[in-house]
Structure formats: structure tokens, C-alpha cells
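Contents: one structure, followed by commentary.
The values are calculated or read from the model by the stated rules, or taken from the named source; none is laboratory data. Remember, predicted model here, so these are calculated numbers, not experimental data. For neighbour counting, all protein chains shown are included, and Cβ atoms are generated from backbone atoms with ideal geometry for every residue, glycine included. These area figures cover heavy atoms from the full protein model, side chains too; ligands, DNA and RNA do not enter into them. Shrake-Rupley method; radii C 1.70, N 1.55, O 1.52, S 1.80 Å.
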Amino acid sequence: MKHISLLGATGSIGTQTLDVIRQFPKQFSLVAMSVGRNIDLAIEQIHEFKPSVVSVMSKTEYDKLVHQVPSDTKIVWGNEGLIEVATISKVSIVVNAVIGSVGLAPTLAAIREGKTIAIANKETLVTAGHIVTNEAKRANVSLLPVDSEHSAIFQALQGEQRSEIDKLILTASGGSFRDRSRSDLKGVTVQEALQHPNWSMGAKITIDSATMMNKGLEIIEAHWLFDIPYEKIDVLLHKESIIHSMVEYIDGSVIAQLGTPDMKVPIQYALTYPNRFQNFTNERLKLSEIGQLHFQAMDVERYRCVEFAYEAGRIGGTMPTVLNAANEVAVSHFLQKRLSFLGIESVIEQAMTEHEAIQQPSLEEIVAVDLETRQFINTLIK
């Protein structure tokens, strides 16, 4: 049996991870978890899965939860609580499914304790990829991708020589506004942006998909996960989300991973790797019913956040930290209707223009730049 710690249990990836655990009770056990502000859902999860340790965001959530769970469930909170959940001795796999840079510290702590990391938190690798990957190598710890695109690449690389890769090809659905021109994006609403045509995801990731920042962050994540230079990472629009990504090799062969748009498939693969378990609940892919698949070159003038990500990745250092922090704050303001949809791109560009990147930054420098960027974005939005 594999003992699991789940960071972000009440989010979209977290609840789907629990679906997988629920389906295989003899193979997986939830030992510890962290939750956000959805305390009602957290209470249900705690009573069902009976984790020994649960971390909440703040003392406020602690006070709401502590008297509503079994007495043998330890409740902790804050960054220290996240780290405790990530490093509990019995755990062998830590699933990082939180949103934002808050996932960095517990991931590093788990790596240092020798835990396998199933990573769905893009920001951890975007903001501190050089630190995370170096720590993982030093501790001989596996970083298993949970994002469908990176899981697809990971699967397409099995049994192959990394030196024989010609390029990685990330596919992108195009998000909520894939059929609109840039001029059509003026004045789009939060409700419209949250209507993703293919995937069921949380609000922040859905907005990132609409701006294509989600794909931008995935480019940087792929660079660190697979140790591939940016010039060998391409993005292809594929509106059906059937081919999740591809690897092209030096002999011209292209290996793709296909499946229905269901996040439980890559989550399950990360938990069962290097094995596969029979799954009777997921909808199976029927290509004969789909009939056609469509592809389109990525237009970085239409989706400027992809261009920002390539630029940030190539500059390196703290520039990806600025990209991520500016985007997190901008998306939050958009969701609160304080910033226009196209304004997200504008403030990210301004933050990157104003920043002078620090190369090979320490963790302390990354944290400082992250905070400075968030404060800068907040001064731009009144």
C-alpha cells in the first residue's frame, strides 16, 4: 500500500485525487492532507478518509474545523502546517495540488525527507525550478508530473533515450475564448472566461487557460521536468484535447499520448507509476466517434502570455518568479472584477519590464522578489 499526503485536498485536482484513492482502497491510504477555505467539504473528506494530520490556511479555519473532526485527527495551520503534512514519516508520495507559490516550501521539505513528489503545482517549478530539481537529484527523489500535458510527455519518453529527443510538443485547447480574436476580448466577463469548453478545473487555472498563461507556465515546467531547452519546446493548438502532448524524436518519429479530457487518468498514473491499474469508471476514448482532430499553430501575438513565458524562461533567474507572481495577483483582481481580461497581460508585461532578473537566485531572493512583484501589481490596480 502507498501512503499519500495530499496538499490541496479541496481543490479541483485534490478532489479528483481523492476519487482515485477512493477507487483503490487496498492500494492507497490518505495519511495527511491540507485544505483551503472550503471547510464544509474538508469535514466530509476528513470523516471519510480519516487522515491523521490536516493543515488549514490560517487560525480562522483552524477554529472552524478543530471541534468538528475526530479527536485523533491532528489539526495544524499555516506554512508550518503545510510542511508537517508534507513530511509526515509514514508518507511515501506527496501530491502537490495547491494553487500558487505556497506549494514551494512544503515540496522542498518533502524532497529533503525523501518523498516522491506527484506535482500538479506549476508554480513550484516555475518560480524555483533550479532549486527544486537540484534538490530532487541530490535526494534521488522522483518528480512525477500530474498535469495532463507533462504526464503525456513523461509517458511518451518511457523506454526512450533523452539524447534522441528533437522536441517536446505541448498541446493546448485554446481556452474559453479560442474562437475569438483579440479585438473580441475587450469587455469579456468573468463568467464567460470561466466557461472552459473541455476541462473541469478551478477558477484560477480556467482563467490561465483563457489567457494561455497556463500553457506558458507549462512550458517553463517542461523545461525543468525534462531538462529540455526552450527552443525545443513547442505549443500546438488542439481544441479537442484528445492528444495531450507529443514527443518528436531525431528520426522524425512522433509519439503521442491520447485519452479523454479527464484529469483522473494522469493523477492515477502518477500514483501507480511504474504500473497501471485497471480503471472501470473513466470514459474510454473512441476515435471512431470523434472522427476528426484539429490542430493549429500557436499565435503568440494572439496569446501574448505564451510569449511572456518564453521570454521569462530564456532570461531565467527571478524573471519566471515575476511572471508567476504578477499573473497570480492579476488573475485574482480579474476574478474580483477590478481588472479587465486584457489588463491581465498588460500588468504582467509591465512587471517584467520593470524587473532586473537575479541569476541563480537563492530561495530567500525568490521569496523577496515574489512579494515585491505582488506589491507592485497591487499598486497598479486601484
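Going by the conditions given, is Thr260 out of contact with any His (no Cβ under 7 Å at 6 or more places or on another chain), open to solvent by 20 Å² or more (accessible area, probe 1.4 Å) and of a type in the set (Ser, Thr, Tyr)? Yes: the conditions hold for Thr260. Checked against (1) assigned to a helix (DSSP H, G or I); (2) at pLDDT below 95; (3) touching a Lys or Arg at 6+ places or on another chain (Cβ under 9 Å); (4) not hydroxyl-bearing (Ser, Thr, Tyr), Gln268 passes all but condition (2).
Scan (1) open to solvent by less than 10 Å² (accessible area, probe 1.4 Å); (2) under 16 Å from the mean Cα position of the chain (by Cα) for the single condition Thr272 breaks and write down its number. Unmet condition: (2).
Considering each residue of the stretch 231-257, count those that are farther than 27 Å from Arg284 by Cα, within 19 Å of the chain's Cα centre (by Cα) and open to solvent by less than 20 Å² (accessible area, probe 1.4 Å), and give that number.
Adding up the residues that qualify gives 1.
For the stretch 263-281, the set of residues classified as of a type in the set (D, E, K, R) and closer than 18 Å to Ala156 by Cβ consists of Arg276 only.
Each row is one residue, and each column tells you yes or no for (1) of a type in the set (Ser, Thr, Tyr); (2) within 13 Å of Leu104 (Cβ to Cβ); (3) open to solvent by less than 30 Å² (accessible area, probe 1.4 Å); (4) without any contact (Cβ under 8 Å) to a residue 12 or more places away in the chain.
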residue	(1), (2), (3), (4)
His130	no, yes, yes, no
Arg138	no, no, no, yes
Leu144	no, no, yes, no
Asp147	no, no, yes, no
Gly159	no, no, no, yes
Glu164	no, no, no, no
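So for the stretch 99-112 (the condition being of a type in the set (Lys, Arg), open to solvent by 10 Å² or more (accessible area, probe 1.4 Å) and within 15 Å of the chain's Cα centre (by Cα)), does at least one residue qualify? Within the stretch 99-112, not a single residue is of a type in the set (Lys, Arg), open to solvent by 10 Å² or more (accessible area, probe 1.4 Å) and within 15 Å of the chain's Cα centre (by Cα). Looking at the stretch 1-86, the helices (runs of 4 or more DSSP H) lying wholly inside it that each contain 3 or more residues that are among the acidic types (Asp, Glu) sit at 39-49.
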